[in-house]
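Derivation of every value follows stated rules applied to the coordinates shown; laboratory data play no part. Not measured: the values here are computed from a predicted model. We place every Cβ from the backbone using ideal geometry, glycine too, and count neighbours over all the protein chains shown.
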Amino acid sequence: MADDEGVRRRDVLKGLGVTGAVAGIVAKTVSPGIDEAQAQPAAQPHGHTMARNGQAADAFRFFTPPEAAVVVALVDTLIPKDDVGPGGVEVGVPMFIDRELAGAYGRGARMYLDGPFGEGTPQQGYQLPLPPADLYRVGIADLNAWCFKTRGGKIFDQLSVADRTMALKAVEAGEAEFAQVPARIFFSMLLQNTMEGYFADSMYGGNRNNAVWKMIGFPGAIGMYGDVIEKYRNKQYDVAPKSIQDLS
Amino acid sequence: MATKLKSADIVIVGLGWTGGILAKELAETGLSIVVLERGAPRDTNPDFMYPSVHDELRYAQRHELMQNVSRETLTFRNNASQTALPMRQLGSFLPGEGVGGARCTLERCDLALATVGP
């Protein structure tokens, strides 16, 4: 892999009208001054609990602190806390995305990432040569560079809540001009992973305390109802949801 | 380097419900039969154990019982004016893998029917 792979992917990206990105390498700063904008300390969404090895159990593994701050802001924009239910950040969605990207999913372990490459139709699905981890790394850099350029020198997590929403709508619509990867593709993966983290079993880091399952009335991983059929006949099955670990 | 195996009268590709019944019927004729499967062996315990089998992220989203397209995939296009491209992740249809057939997935059953055929 290494060099050949990097060079080949770079060529492919160029061929797709995607410039400047090198798979697996953090994208270079695009605008002057953005380094300082990114150098602010990252938001810590939750208190630190120290694991036995002395490393924070809830420390981000994949995202750098500035990237983590952006992801926290993105998730909070997609699923804010409201009257309906908990926000994505408080139930751990940024941590879920981080763990997914740090593992097999992030490497694209179950994705076909060789050629031939082409733009493809929407029906042909994802066609970039980048595994999810690389798409996030490059996409976050693109997002910040675009915000910096069009939002008065501010990167995404420095925007007001209202401005974040407006910016993200432009990203979703593909109107935001990203330098390296298509904005719409980045948005679509971000939204997908955000929903996964919000609704998936809590063992993956999101849906903390089954809070999201409580909100939607999903009983969880329970698979045997034989002994409660009589009790709940014609009544709402209103029980505390159980995660896989609750049942193991 | 190809390994040449002992020849058999019948080779059945895919031991799902269909392939399994064919194999049983043909075995009664006295013919020698080889059945091919792809993927790892799977069993009720531990592969389909409760509650871990209810892991929707792992199975419904990441498709862990289905074909791993990082090793082998297929290309497709919707009509002849388009250029066929590889499926980079599973989407609208889900070819399975692993020993066992439609019991594992309905999609697998379709695959077994398609490969054994009428």
*Relative to the present Cα-Cα distance, how much length would full extension add between A:MET203 and A:ILE229 at 0.36 nm per residue of separation?*
6.6 nm
*By count of other Cβ within 10 Å, fewest leading, how are A:TYR198, A:TYR126, A:TYR232 ordered?*
A:TYR232, A:TYR126, A:TYR198
*asked:* What distance in nm separates the two pseudo spin-label positions at B:GLN61 and A:THR150, each 7 Å out from Cα along the beta-carbon direction?
replied: 2.8
_Under 5 Å, built H, 5+ apart or other chain: amide partners of B:ILE12_ = B:VAL34, B:VAL35, B:LEU36
*How about the range B:1-55: which GluC sites (Glu not before Pro) there are in a DSSP loop, with at most 10 other Cβ atoms within 10 Å of their Cβ?*
B:GLU28
*For B:SER70, B:SER7, A:SER188, what's the fewest-to-most ordering of other Cβ within 10 Å of each Cβ?*
B:SER7, A:SER188, B:SER70
*asked:* Quick check for you: which residues of the range B:12-35 have the amide N under 19 Å from the point 7 Å beyond the Cα of B:VAL99 toward its beta carbon?
replied: B:12-25, B:27, B:33-35
*What is the order of B:ASP9, A:ASP201, A:ASP82, fewest Cβ neighbours within 10 Å to most?*
A:ASP82, B:ASP9, A:ASP201
